[in-house]
Amino acid sequence: MSDASRISPLVIFKGELEKRREEFHGKLPANMPVERFLGVCNIAVANNPDLLKCDPRSLWMAFMRCATDGLLPDGR
């Protein structure tokens, strides 16, 4: 088993989320820190790992829509 195959999907997600930091930062309202938004995205996926079974493009678009609308994907 290679090292790459042992990396958890959540770790991969966190890496992809970090790669999109600037993209999210550009969409978020000025009063919402990108660190808070990314943290809530991480918690959402950690609390509901089935989200990682979704089409990746669909998941990223949903998070981007949340950012654009100034919403946190926290289920509230």
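The values are calculated or read from the model by the stated rules, or taken from the named source; none is laboratory data. Values in this document were obtained by computation on a predicted structure and should not be read as measured data. Note that we place each Cβ from the backbone using ideal geometry, even for glycine, and neighbour counts take in every protein chain shown. These area figures cover heavy atoms from the full protein model, side chains too; ligands, DNA and RNA do not enter into them. Shrake-Rupley method; radii C 1.70, N 1.55, O 1.52, S 1.80 Å.
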Report summary line: If we ask which residues in the range 25-43 are in a helix (DSSP H, G or I) and within 19 Å of GLY75 (Cα to Cα), their number turns out to be 10
Report summary line: Of the residues in the range 32-46 that are without any contact (Cβ under 8 Å) to a residue 12 or more places away in the chain and more than 14 Å from VAL11 (Cα to Cα), the one that is nearest to the chain's Cα centre (by Cα) is GLU35
Query raised in the report: When you look at ALA46, is it small (Gly, Ala, Ser), open to solvent by less than 90 Å² (accessible area, probe 1.4 Å) and either outside any helix (DSSP H, G or I) or in contact with a helix residue (DSSP H, G or I) (Cβ under 9 Å, 6 or more places away or on another chain) (or both), yes or no?
Result: yes
